[in-house]
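The values are calculated or read from the model by the stated rules, or taken from the named source; none is laboratory data. Predicted model only: the values in this text are computed from it and were never measured. Reconstructed Cβ throughout: ideal geometry from the backbone, glycine too, with neighbour counts over all protein chains shown. Heavy atoms of the whole protein, side chains included, go into the accessibility calculation; ligands, DNA and RNA do not. Shrake-Rupley method; radii C 1.70, N 1.55, O 1.52, S 1.80 Å.
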Amino acid sequence: MSLVLYEAKDAIGIITINRPEALNALNADVLTALNEVLDQIDQNTIRAIIVTGSGDKSFVAGADIAQMSKLTAAEGEAFGKKGNDVFLKLESFPIPTIAAVNGFALGGGCELSMACDMRICSDNAVFGQPEVGLGITPGFGGTQRLARIAGVGMAKQMVLSARNIKAEEALRIGLVNAVYPQAELMDEAMKLAGAIAKNAPIAVRASKRAINEGLSLPIEEAVVVEEKAFGSCFETHDQIEGMSAFLEKRKEKNFTNS
Ligand code: CO8
């Protein structure tokens with residue numbers, strides 16, 4: 001069985017981390033498989049991607065502690081880079097990504113969810129960065145993305161105390177956008193993906209890119225990124241189609257990503 005499954009349902013791609021015997025912990029092979037799956041996604045037909053974990057107990061329970069336990073300092077840094085490279089690829093992937101967090105999202109699991117554009121979770125989800133309790137720092141983006149998503153104070157509290165939080169607290173601090181009963185999570189993820197998928201992909205992708213790029217820039221430069229993104233939509237088929245449909249009071253729109 002593949003360590004990372006991929007399935008396309010119409011315009012929605014579903015990536016499933018599939019190592020249930022280890023609560024979907026990320027070893028080097030899982031990271032390689034995730035990287036390969038991203039390379040195989042058909043960017044013309046897929047409009048939104050859901051990332052989840054196998055089973056109903058765990059999204060991803062972290063990087064593989066058994067595999068990490070014997071690493072040298074140089075190997076640890078290389079493993080961190082391997083994870084960061086894949087997660088950066090996911091974060092900057094042109095197609096929007098939704099983490100459907102269906103249980104434990106600890107360490108590398110919380111970090112994987114944060115490399116996605118948005119997170120929703122099941123009511124049994126548990127988030128945390130327990131690394132300092134293992135004698136290491138978060139290494140797949142946790143020291144960086146958590147502060148950007150939940151604020152510096154909350155990120156420091158979670159990372160330095162290594163205290164896990166439940167779904168409702170994750171909602172309160174803005175780490176997830178919504179909490180659902182476990183049985184409804186995938187349906188809700190599909191609904192959200194469907195809502196994204198029906199919009200003009202050219203505009204959806206340019207919006208994602210502008211938000212991501214602008215976050216690390218001073219506002220004066222960030223708005224220029226927005227101006228370029230905005231301008232790039234004009235004269236496209238999808239801009240003409242979207243505005244024509246409005247003016248013609250037509251509900252059906254034929255967006256083609258062109
Ligand atoms: N790595 C390896 N194996 C794991 C992991 C993990 N992160 N999590 C669970 N497993 C395995 C268990 O060893 C167990 O295997 P076995 O059946 O062979 O003993 C199996 O999964 C089931 O787990 P449990 O029996 O422990 O299940 P419980 O329901 O009792 O507990 C928990 C579930 C609470 C999730 C518990 O498994 C746990 O605490 N797991 C570890 C969570 C954790 O600390 N994660 C963070 C890891 S560190 C990290 O992610 C760093 C990321 C950056 C790396 C940078 C590299 C340089």
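Taken over segment 20-35, the criterion of being open to solvent by 10 Å² or more (accessible area, probe 1.4 Å) and either out of contact with any strand residue (DSSP E or B) (no Cβ under 8 Å at 6 or more places or on another chain) or outside the structural domain of Gly62 (by TED's automatic domain parsing) (or both) is satisfied by Glu21, Ala22, Ala28, Asp29, Thr32, Asn35.
Take Lys57 and decide whether it is among the charged types (D, E, K, R) and more than 10 Å from the ligand (Cβ to nearest atom).
Spelling it out, it is not the case that Lys57 is among the charged types (D, E, K, R) and more than 10 Å from the ligand (Cβ to nearest atom).
Working carefully through the options Ala193, Ala229, find the one that is assigned by TED's automatic domain parsing to the domain that holds Ile149 and touching a residue at least 12 places away in the same chain (Cβ under 8 Å). The match here is Ala193. Count of segment 137-156 residues, restricted to those that are more than 10 Å from the ligand (Cβ to nearest atom) and exposed (fewer than 15 other Cβ atoms within 10 Å of the Cβ), is 6. On the stretch given as segment 197-243, residues that are of a type in the set (Gly, Ala, Ser) and open to solvent by 30 Å² or more (accessible area, probe 1.4 Å) total 5.
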